[in-house]
Amino acid sequence: MKNFFSHPVRLPAALRNDAGALIYAAKSFAAAMLAYYIALSIGLERPSWAIITVYIVSQTSVGASLSRSLYRLAGTVAGASATVLIVPTFANTPILCSAVLTGWIAFCLWLSLLERTPRAYAFVLAGYTASLIGFPAVSDPGGIFNVAIVRVQEISIGIFCAALIHRYVLPARASGLFNAKLSQTLQAARGRVADTLAGKPDAASGPLHLALALQFLQGISHHIPYDFALSAPVRQARKAIHDRLARLVIVNCELHDRQPAFGTLPADVQTLLGDVQAWLAAEGTGASSTTEALRLRCALLIDRYAAQAQTIDDALQVSFIRYLSEAIALLQQCERLSGAIHHAKPVSGERQPRAAKGYVFHRDPLTAARTALAAFAIILSGCLIWIFSAWPDGGTAVSILGVCCTLFGSFDTPAPHIVKYIIGSFWGVVISLFYSFALLPQVSDFPVLVAVLAPAYLLAGSLQARPPTTFMAMGITLTLPILCELGARYSGDFAVAANTAIALFAATGFAVISMSLLQTVQADDAITRLLNLCQRDIRRSVKGTLRADETHWINLMMDRTALLLPRLQRSERAPEQALDRLLHALRLGLSVMHLRRSDTPPGREVDALFHRINAADSNAVCERIAALIERHLPAADEHTRQFVFRLVDLHCALRRPERG
């Protein structure tokens, strides 16, 4: 019995997820009912908006909930203010008013697509709010100011209640999730380096798959300041560990590339390699003295073999040892930074990580503009159908259409996500009609109302906490308060509910068709666009016009890799081919930057190489680089040695994979 209680109970992952989803559902429902009660108590007209707000801003962690709440409030105020300015100004010309509102929504969508951080939610809400309150007000512009004020009040109440409950009732910290994922990522990084050194078969671009973990860590990292558990050194440490991990990906790729290039290693290098593999396989981080001893041995071998190098194969061998030493150093730094992050303390054992870049986002204004223009065309066409058909509920339908364009416009293929929302909305309509005309007429006080609403909202809330069913659950949680007309008194009207449901399904159905035609981005097209942008940046780097340092370039390419990897699953091309092209661009750009920023001036020979990189056959350029390397061997001084190292990097980067 003693042994039984002395060990912590470990629940299976599925049960832990179910428990987390149920806790999230209970907290969200409590916050929604608190917001509903406050809105009723102070006599607001549309308390259903407060309920909807709670379910939109609620997230599974404290930090994510609070940040989303603030961004929603900022976006709502901006959207309501814009609507108050637009609708009265163009009240006499409904088509022009609709066009200006649509332009505002498209502009907000464009900004949100460029932002690419959770802050983009503020821009989404600025467009979302203008759509929801603006289009229904086109036919009745006189009350737009009151509607906007009430909406801001309701949203504020919902945000306050969601933040209060998620902050103080069983709070789930974003920092805990970050630390757990960071530990997994470090373990995976060590494992990939070990696999490379062991010669396990893998694509040259295999280490690039770590980019998805870095993207996930960045998504969590953004919310950690809202956990109220952050110090400046830890913020810098999070940026610094991203820089090190991103650099480690490249170092691992370089090790993978060089291993088969020079044949058999000398005995002392083989011994070192075996000791490094043992260090990587050891539990934990290993003793600091062992790490320093390995780095010292690498440095001694580099000095010895660099002084003896006569051929390019010798230079490749030295380059391999150099990258092996860097991999050891990077892993050691990552372990120290990870410890500082876990314990929320300054980094020990080395200088503070200053000038850390952190995550760098790829931004494509042209692609964002294409999506925004498509949204403009979709919403405006819906407005024209509504205005010329004189459909009484057309304003409601177009407002929902605008919401679909803003919420789902960031996806390459929005239609499947909208279909999930439609399925959830269908069940939301069925449940709402059952509540409105069977249960709610029997309810006489607030506690009974809470008990009646609990089953539907707890079920929908638990589904919303699970990513595969999030959009379906939102269809339920957003439809229920509106169709049930949860106000100060029961006001069930079947005709109103039916017309609203028809408008909902007409808008979402139109959104599926039109967004499939105008906003769907084929995976191959997106991949080609990303690879072409990489090649454009290479050309700029060769010309010396690319304004980026090495760390910025690596971090940017890691983000591009994270954007590329999910699309490869939907692509018809071989994944290895696209990843090899991206890796080629990454390494080539890095090599050119290193040579341009070298302490030793490149000289006319290297300038001639730069000129030939984009114009000539890469094999011919490689031959010229090999000749230039051997001309500077053996490297008698440190400047020449660094110059040779950089030329070797360029030589390896230019060797294209056989797959093309």
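Every number here is computed from the coordinates shown, using simple stated rules; none is lab data. Computed from a predicted model, the values in this text were never measured in an experiment. In this analysis, Cβ positions are derived from the backbone assuming ideal geometry, glycine residues included, and neighbour counts consider all displayed protein chains.
Key figures for this structure:
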item	result
Value at 222 nm in deg cm²/dmol, rounded to 500, when DSSP H runs of n ≥ 4 in the chain each add -39,500 (n - 2.57)	-25500 deg cm²/dmol
For D227, net neighbour charge (Lys/Arg +1, Asp/Glu -1) across residues whose Cβ lies under 10 Å away	+2
Zone of L212's modelled label, taken as backbone nitrogen in region 397-429 under 14 Å from a point 7 Å along Cα→Cβ	none
Backbone N within region 153-178 under 20 Å of label point (7 Å from L40 Cα along the Cβ vector)	153-162, 165
Gained length - T640 relative to D275, 0.36 nm times residue gap less alpha-carbon distance	128.4 nm
Column: log10 I(q)/I(0), Debye, Cα scatterers of region 490-638, q = 0.10, 0.12 Å⁻¹	-0.55, -0.68
Förster radius 30 Å - calculated FRET efficiency between K200 and H342, Cβ distance, rounded to 0.05	0.50
Whole-Hz couplings from phi, Karplus 6.51/-1.76/1.60, listed for region 485-499; x for Gly and Pro	6, 6, x, 6, 9, 5, 9, x, 9, 4, 5, 5, 4, 5, 5
Label-point separation in nm, D140 to R597, each point 7 Å along Cα→Cβ	6.1
Phi-based couplings in Hz for region 305-311 (Karplus 6.51, -1.76, 1.60; Gly and Pro marked x)	6, 5, 6, 9, 4, 10, 10
Label-point separation, N92 to F434 (7 Å along Cα→Cβ), nm	5.2
Per-residue Cβ neighbour rank within 10 angstrom, fewest leading, W553, W427	W427, W553
Cα-based Lys proximity count in the chain, under 23 Å, for pairs eight or more positions apart or on separate chains	6
Stokes-Einstein translational diffusion, region 314-403 - Kirkwood Rh over all Cα pairs, 1.306 mPa s, 10 °C, in µm²/s	83
Listed peptides 362-374, 148-160, 627-639 by packing density, highest first (mean Cβ within 10 Å)	148-160, 362-374, 627-639
With Cα atoms, 0 to 90° folded angle of helix 618-631 axis to the chain main axis	40
Relative contact order [Cα under 8 Å, 6+ residues apart], the chain, whole percent	18
Modelled FRET efficiency - R0 30 Å, L384 with A498, Cβ distances, 0.05 increments	0.75
For the chain, convex hull of alpha carbons as volume per residue, Å³	183
The chain: angle of helix 174-198 to the longest principal axis, Cα-based, in degrees nearest 10	30
Cβ-placed point charges (K, R +1; D, E -1), dipole of region 535-654 about Cα centre in debye, nearest 20	520
Mean Cβ count within 10 Å, highest first, over the residues of peptides 265-272, 478-485	478-485, 265-272
Computed label-point distance, nm, for sites L22 and S618 using a 7 Å Cα→Cβ extension	5.6
Mean Cβ neighbour count within 10 Å, used as a protection proxy, ranking 19-26, 500-507, 48-55 highest first	48-55, 500-507, 19-26
Sites S516 and R119 - FRET efficiency at Förster radius 25 Å, r taken between beta-carbons, to 0.05	0.30
Distance between region 68-120 and region 464-492 - C-alpha centres, whole angstrom	24
Taking all pairs of distinct alpha-carbon atoms in region 416-575, Kirkwood radius in angstrom	19.6
Relative contact order of region 535-654, defined on C-alpha pairs under 8 angstrom at six or more residues apart (%)	32
Positive-pole candidate from S58, I527, W391, dipole of the chain, charges at beta carbon	S58
Residues L301, L182, sorted so that the one with the fewest Cβ neighbours within 10 Å comes first	L301, L182
Angle in degrees between helix 232-258 and the longest Cα principal axis of the chain, rounded to the nearest 10	50
Equivalent ellipsoid semi-axes - Cα gyration tensor, region 373-415, angstrom	21, 10, 6
Footprinting exposure proxy for Y421, Y490 (fewest neighbouring C-beta atoms within 10 Å first)	Y490, Y421
